[in-house]
Amino acid sequence: MTAAINRFLRFWWDFLIGDDWTVAVGVVLTLTVTALLAAAGIPAWWLPPAAVVLLLGRSLRGETRRDR
Amino acid sequence: MSGTLLVLAVFLACAVEAVEALTIVLAAGLTRGWSSPLIGVGSALAVLAVIVAIFGPAIGHVPLNLLRLLVGALLLIFGLQWLRKAILRASGHKALHDEAAIYQRQASAAQTAARHRRAFVTDWYAFTLAFKGVLLEGLEVAFIVVTFGANQGHLAAACLGAALAVILVTIVGVLLKKPLARVPENTMKFVVGVLLTSFGTFWASEGAGADWPGADRALLVIIPGYLLVSLLFIALLRKRQPATSAPDLGPSRTEVTS
């Protein structure tokens, strides 16, 4: 039973979060800051694309470092 | 404009997943006979249709900004997974997805597995192999169809894109009776990764309260922008010496162990 629950949770973790959980955390943090900036009336549209590029670059760098 | 991109994104994502599912179904059907795998395919498609029919209209009732924030965030995380893997594959740091090798492995396993009857299914192994293959590959498509369709208000168009891809891949698969190893699967995954990440960024930002300059037209800058950055990452990573990658025989979650 426990093994089945673990497999179920593992599947959804792999499905939604994938190999690098820091990307998911980074996305959540970015959107939180975006919402705070927008609520304060500060233009925030530039933040998510910039964060995506940084998160992707960081994740790729980490993966290729592990490779070497 | 975004409606056309929506259908294109769903079509490409669905075609890629359909090619992967076809490989598994062919391995089951050609080695163990077709009746049980076809029942498996039909059952999986029915489950997927129910998922889309329930969640598609249901999430349409969530307030638009909340929907865009939640679904956009999920789509962004999901899209970054696709894009990350596609960049690693294109730069040589991850082995390319090889349908012919996956087929060989699945077929070898299918030839040696014992044959058991359960309920109306004469070959449980073949049924399970096809069912799991289609369901697990199809879940990603169902997710994309539901999220894209609900956000854009074009669930029918998203379903159409998915259906066209499945029909096309099925027809080609039936005619060839072998895995579609020549489909540019890795390139398609790269394009889908760029599109999912772009739409995810656009919707999640809007949901968080940000206003895009030019509204929908911002996608015409975001998509080529991400494409350019991804190509740049590929060029940079190619300069790094990768370790020898083991062949990518598909995600382990599509493995059938019993």
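Each reported figure results from applying straightforward, stated rules to the coordinates on display, with no laboratory input. Quick caveat: nothing in here was measured; it's all calculated off a predicted structure. Every residue, glycine among them, receives a Cβ derived from its backbone with ideal geometry; neighbour counts consider all protein chains shown.
Brief remarks follow.
- For region B:207-222, backbone phi angles converted through the Karplus equation (6.51, -1.76, 1.60; θ = phi - 60°) give residue-by-residue couplings of x, 7, x, 6, 9, 7, x, x, 6, 4, 5, 4, 4, 5, 9, 4 Hz, Gly and Pro being listed as x.
- Applying the criteria of a DSSP loop state and at most 16 other Cβ atoms within 10 Å to the chymotrypsin sites (Phe, Trp or Tyr not before Pro) of region B:96-189 yields B:Phe120.
- Distant-in-sequence amide contacts of B:Asp211, defined by a placed amide H-H separation under 5 Å and a gap of 5 or more residues or a different chain, comprise A:Ala44, A:Trp45.
- Of every Cα-Cα pair in region A:19-67, the percent that sits beyond 13 Å: 58
- Residue-averaged [θ]222 nm for chain B, counting only DSSP H segments that reach four residues, each worth -39500 (n - 2.57): -26000 deg cm²/dmol
- Think of each Lys and Arg Cβ as +1 and each Asp and Glu Cβ as -1; about the Cα centre, that makes the dipole of region B:2-240 roughly 840 debye.
- Tilt relative to chain A, helix A:21-39 - C-alpha long axis, 0 to 90 degrees, to 10: 30
- Since only B:Gln152, B:Ala21, B:Leu227 are under comparison, the one whose Cα sits farthest along the positive direction of the charge dipole of chain B, derived from C-beta charges on Lys, Arg, Asp and Glu, is B:Ala21.
- Here the relative contact order of chain A, from alpha carbon pairs under 8 Å that lie six or more residues apart, stands at 29 percent.
- Restricting the calculation to Cα atoms, chain B yields a radius of gyration followed by a Dmax of 19.3, 61 Å.
- Euclidean distance of C-alpha centroids, region B:40-86 and region A:1-58, integer Å: 16
- Ignoring lysines fewer than eight residues from B:Lys85 along the same chain, the ones with Cα atoms less than 21 angstrom from its Cα are B:Lys94, B:Lys189, B:Lys239.
- FRET efficiency estimate (nearest 0.05) - Cβ-Cβ, B:His61 to B:Thr187, R0 35 angstrom: 0.40
- For region B:1-30 and region B:123-197, distance of Cα centres in Å: 3
- Axis of helix B:35-59 versus longest Cα principal axis of chain B: the two differ by about 20°, to the nearest ten degrees.
- Debye, to nearest 20: dipole size of region A:1-65, +1 on Lys, Arg Cβ, -1 on Asp, Glu Cβ: 80
- Its Cα gyration tensor gives the protein assembly as shown an equivalent ellipsoid, and the semi-axes of that ellipsoid, as √(5λ) in whole Å with the largest first, are 35, 23, 18.
- Estimated dipole of the protein assembly as shown in Debye, rounded to 20 [Cβ of Lys and Arg +1, of Asp and Glu -1, Cα centre]: 860
- Sites A:Thr32 and B:Gln104, calculated FRET efficiency, Cβ-Cβ separation with R0 41 Å, nearest 0.05: 0.30
- The angle between the Cα long axis of helix B:2-32 and the main principal axis of chain B comes to about 10°, on a 0 to 90 degree scale.
- Space enclosed by the convex hull of the alpha-carbon atoms of region B:86-161, per residue, Å³: 144
- Across chain B, the longest run free of exposed loop sites, meaning trypsin sites (Lys or Arg not before Pro) lying outside DSSP classes H, G, I, E and B with no more than 12 other Cβ atoms within 10 Å, spans B:1-114.
- For region B:1-77, the Kirkwood estimate of hydrodynamic radius, built from reciprocal distances between every pair of different alpha carbons, is 15.2 Å.
- At R0 = 35 Å, FRET efficiency that the Cβ-Cβ distance of A:Thr2 and B:His116 yields, to 0.05: 0.85
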